[in-house]
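The values are calculated or read from the model by the stated rules, or taken from the named source; none is laboratory data. From a predicted model like this one, the values you see are computed outputs, not experimental measurements. FYI the Cβ positions are ideal-geometry reconstructions off the backbone, even for glycines, and counts take in every protein chain you see.
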Amino acid sequence: MKYSRLVKTTLFALGVASSSVMAATQGTLGTTSTGTLDITLDIDNLMRVSNLDDINLGTYAGAGNLTGSDAFCVYRNGAGNYSITMTGSGAANAFTLANGGNTLPYTVEFVNGGNNAMSTGTALTGQAGANTTSDTCGGTDNVSVNVAVDNADLAAAPAGNYSGTLTIVVAPE
(Lines give C-alpha, C1' and ligand atoms only; values in the text may rest on other atoms or scores of the structure.)
Protein backbone atom coordinates (compact mmCIF):
# COMPACT_ATOMS: atom_id res chain seq x y z
CA MET A 1 0.00 0.00 0.00
CA LYS A 2 2.81 2.43 0.90
CA TYR A 3 4.56 1.62 -2.38
CA SER A 4 1.38 2.26 -4.39
CA ARG A 5 0.85 5.61 -2.64
CA LEU A 6 4.53 6.56 -3.30
CA VAL A 7 4.15 5.74 -7.01
CA LYS A 8 0.90 7.75 -7.27
CA THR A 9 2.47 10.70 -5.45
CA THR A 10 5.55 10.58 -7.70
CA LEU A 11 3.47 10.35 -10.88
CA PHE A 12 1.27 13.22 -9.70
CA ALA A 13 4.36 15.35 -8.95
CA LEU A 14 5.83 14.57 -12.36
CA GLY A 15 2.55 15.46 -14.03
CA VAL A 16 2.38 18.77 -12.18
CA ALA A 17 6.02 19.53 -13.01
CA SER A 18 5.65 18.73 -16.69
CA SER A 19 2.35 20.57 -17.08
CA SER A 20 3.81 23.68 -15.46
CA VAL A 21 6.63 23.69 -18.01
CA MET A 22 4.36 23.26 -21.01
CA ALA A 23 2.38 26.25 -22.24
CA ALA A 24 0.35 24.36 -24.80
CA THR A 25 -3.43 24.58 -24.65
CA GLN A 26 -5.64 21.76 -25.79
CA GLY A 27 -8.66 22.22 -27.98
CA THR A 28 -12.13 21.30 -26.81
CA LEU A 29 -14.54 18.91 -28.47
CA GLY A 30 -16.82 20.69 -30.92
CA THR A 31 -17.43 21.40 -34.58
CA THR A 32 -14.06 23.15 -34.62
CA SER A 33 -11.27 22.95 -32.12
CA THR A 34 -8.24 25.15 -31.56
CA GLY A 35 -5.11 24.41 -29.61
CA THR A 36 -1.85 26.29 -29.25
CA LEU A 37 1.73 25.38 -28.51
CA ASP A 38 4.93 27.33 -27.96
CA ILE A 39 8.02 26.74 -30.08
CA THR A 40 11.43 27.54 -28.60
CA LEU A 41 15.03 27.10 -29.60
CA ASP A 42 18.44 28.21 -28.39
CA ILE A 43 21.26 29.40 -30.61
CA ASP A 44 24.75 29.23 -29.15
CA ASN A 45 27.42 31.79 -29.92
CA LEU A 46 29.30 30.12 -32.76
CA MET A 47 32.77 30.86 -34.10
CA ARG A 48 34.92 29.34 -36.81
CA VAL A 49 38.45 29.89 -38.00
CA SER A 50 38.99 28.51 -41.51
CA ASN A 51 40.95 28.81 -44.75
CA LEU A 52 44.28 28.39 -42.92
CA ASP A 53 47.33 27.55 -45.00
CA ASP A 54 50.79 26.50 -43.82
CA ILE A 55 53.48 29.18 -43.93
CA ASN A 56 56.81 28.24 -45.51
CA LEU A 57 59.45 30.80 -44.57
CA GLY A 58 61.87 29.52 -47.20
CA THR A 59 65.62 29.05 -46.83
CA TYR A 60 67.88 31.34 -44.84
CA ALA A 61 70.77 32.49 -47.04
CA GLY A 62 72.79 34.43 -44.46
CA ALA A 63 71.08 37.82 -44.34
CA GLY A 64 67.74 39.34 -43.40
CA ASN A 65 64.71 38.28 -41.43
CA LEU A 66 62.49 35.52 -42.73
CA THR A 67 58.82 36.51 -42.81
CA GLY A 68 55.57 34.99 -43.95
CA SER A 69 51.85 35.52 -43.68
CA ASP A 70 48.55 33.77 -44.18
CA ALA A 71 45.14 35.30 -44.78
CA PHE A 72 42.27 33.36 -43.22
CA CYS A 73 38.62 33.59 -42.20
CA VAL A 74 37.05 34.37 -38.83
CA TYR A 75 33.29 33.78 -38.68
CA ARG A 76 30.89 34.65 -35.85
CA ASN A 77 27.15 34.14 -35.95
CA GLY A 78 25.17 37.23 -35.11
CA ALA A 79 26.84 40.45 -34.11
CA GLY A 80 29.50 41.09 -31.53
CA ASN A 81 33.19 41.14 -30.87
CA TYR A 82 35.49 38.19 -30.43
CA SER A 83 38.84 37.40 -28.90
CA ILE A 84 41.74 35.59 -30.52
CA THR A 85 44.44 33.62 -28.73
CA MET A 86 47.53 32.12 -30.33
CA THR A 87 49.96 29.60 -28.91
CA GLY A 88 53.10 28.00 -30.25
CA SER A 89 54.31 24.44 -30.02
CA GLY A 90 57.45 25.25 -28.02
CA ALA A 91 58.04 24.76 -24.30
CA ALA A 92 55.33 26.58 -22.30
CA ASN A 93 53.55 27.17 -25.66
CA ALA A 94 56.34 29.47 -26.86
CA PHE A 95 56.42 30.71 -30.43
CA THR A 96 59.40 28.59 -31.49
CA LEU A 97 60.47 26.44 -34.39
CA ALA A 98 62.42 23.29 -33.49
CA ASN A 99 64.99 21.01 -35.04
CA GLY A 100 65.69 18.31 -32.47
CA GLY A 101 66.98 20.15 -29.41
CA ASN A 102 67.61 23.39 -31.31
CA THR A 103 64.94 26.09 -31.27
CA LEU A 104 64.34 29.39 -33.06
CA PRO A 105 61.95 32.00 -31.66
CA TYR A 106 59.51 33.74 -33.97
CA THR A 107 57.14 36.65 -33.54
CA VAL A 108 53.45 36.68 -34.40
CA GLU A 109 51.14 39.52 -35.43
CA PHE A 110 47.39 39.30 -35.91
CA VAL A 111 46.20 41.63 -38.66
CA ASN A 112 42.63 42.87 -38.37
CA GLY A 113 42.59 46.46 -39.54
CA GLY A 114 46.00 46.92 -37.89
CA ASN A 115 48.98 44.85 -36.81
CA ASN A 116 48.60 43.46 -33.28
CA ALA A 117 51.65 41.81 -31.70
CA MET A 118 50.62 38.55 -30.07
CA SER A 119 51.93 37.03 -26.84
CA THR A 120 51.53 33.29 -26.55
CA GLY A 121 48.40 32.29 -24.64
CA THR A 122 47.20 35.87 -24.16
CA ALA A 123 43.79 36.71 -25.63
CA LEU A 124 43.56 39.75 -27.87
CA THR A 125 40.07 41.00 -27.03
CA GLY A 126 37.65 43.43 -28.65
CA GLN A 127 38.14 42.19 -32.20
CA ALA A 128 35.42 43.20 -34.66
CA GLY A 129 34.70 42.48 -38.30
CA ALA A 130 34.11 38.74 -38.21
CA ASN A 131 32.16 37.47 -41.19
CA THR A 132 28.55 36.89 -40.11
CA THR A 133 27.10 35.36 -43.28
CA SER A 134 29.44 32.53 -44.28
CA ASP A 135 31.49 30.33 -41.96
CA THR A 136 34.18 30.18 -44.67
CA CYS A 137 33.91 33.90 -45.55
CA GLY A 138 32.59 33.04 -49.01
CA GLY A 139 36.13 32.82 -50.34
CA THR A 140 37.14 36.31 -49.16
CA ASP A 141 39.36 36.04 -46.07
CA ASN A 142 38.94 38.83 -43.54
CA VAL A 143 42.07 38.66 -41.30
CA SER A 144 45.67 37.45 -41.48
CA VAL A 145 48.63 36.37 -39.39
CA ASN A 146 52.23 37.46 -39.89
CA VAL A 147 55.23 35.53 -38.54
CA ALA A 148 58.88 36.55 -38.54
CA VAL A 149 62.19 35.02 -37.51
CA ASP A 150 64.86 37.61 -36.71
CA ASN A 151 68.13 37.61 -38.68
CA ALA A 152 70.27 37.46 -35.51
CA ASP A 153 68.49 34.30 -34.33
CA LEU A 154 68.79 32.74 -37.78
CA ALA A 155 72.51 33.52 -37.99
CA ALA A 156 73.16 31.86 -34.61
CA ALA A 157 71.15 28.69 -35.34
CA PRO A 158 72.73 25.40 -36.47
CA ALA A 159 71.83 24.20 -39.95
CA GLY A 160 68.74 22.02 -40.22
CA ASN A 161 65.03 21.92 -40.95
CA TYR A 162 63.00 23.82 -38.34
CA SER A 163 59.26 23.57 -37.87
CA GLY A 164 56.53 24.27 -35.37
CA THR A 165 52.79 24.65 -35.02
CA LEU A 166 50.82 27.83 -34.40
CA THR A 167 47.42 27.22 -32.78
CA ILE A 168 44.70 29.86 -33.23
CA VAL A 169 41.59 29.99 -31.02
CA VAL A 170 38.73 32.43 -31.54
CA ALA A 171 35.98 32.92 -28.95
CA PRO A 172 32.88 35.12 -28.79
CA GLU A 173 32.80 38.00 -26.32
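Restricting attention to the stretch 117-173, the residues that are closer than 22 Å to residue 88 by Cβ and in contact with a Lys or Arg (Cβ under 8 Å, 6 or more places away or on another chain) total 1.
Residue 9 - would you say it is farther than 30 Å from residue 126 by Cβ, modelled with pLDDT under 95 and not small (Gly, Ala, Ser)?
Here the answer is yes, as residue 9 does meet what is asked.
Tell me yes or no: at least one residue of the stretch 59-70 is among the aliphatic types (A, V, I, L, M) and either over 20 Å from residue 151 (Cα atoms) or in contact (Cβ under 8 Å) with a residue 60 or more places away in the chain (or both). There is at least one residue in the stretch 59-70 that is among the aliphatic types (A, V, I, L, M) and either over 20 Å from residue 151 (Cα atoms) or in contact (Cβ under 8 Å) with a residue 60 or more places away in the chain (or both). Checking each residue in the stretch 125-173 for being more than 19 Å from the chain's Cα centre (by Cα) and part of a helix (DSSP H, G or I) picks out 151, 152, 153, 154, 155, 156.
Do any strands (runs of 3 or more DSSP E) lying entirely in the stretch 66-119 carry at least 2 residues that are under 19 Å from the mean Cα position of the chain (by Cα), modelled with pLDDT of 95 or more and farther than 21 Å from residue 172 by Cβ, and which ones are they? Output list reads 66-76, 107-111.
May I ask you to verify whether residue 112 is surrounded by 17 or more Cβ atoms within 10 Å (Cβ to Cβ), touching an Asp or Glu at 6+ places or on another chain (Cβ under 7 Å), of a type outside the set (A, V, I, L, M, F, W, C) and within 14 Å of residue 71 (Cα to Cα)? Taking the combined requirement at face value, the residue does not satisfy it.
Restricting attention to the stretch 51-65 and to residues that are within 19 Å of residue 108 (Cβ to Cβ) and of a type in the set (Gly, Ala, Ser), the residue that is nearest to the chain's Cα centre (by Cα) turns out to be 58. Every test in (1) out of contact with any Leu (no Cβ under 7 Å at 6 or more places or on another chain); (2) modelled with pLDDT of 95 or more; (3) of a type in the set (A, V, I, L, M) is passed by residue 1 save one, and that test is (2). So, residue 45, is that one exposed (fewer than 14 other Cβ atoms within 10 Å of the Cβ), under 16 Å from the mean Cα position of the chain (by Cα) and either at pLDDT 95 or above or closer than 25 Å to residue 139 by Cα (or both) or not? When the stated conditions are applied, residue 45 passes them.
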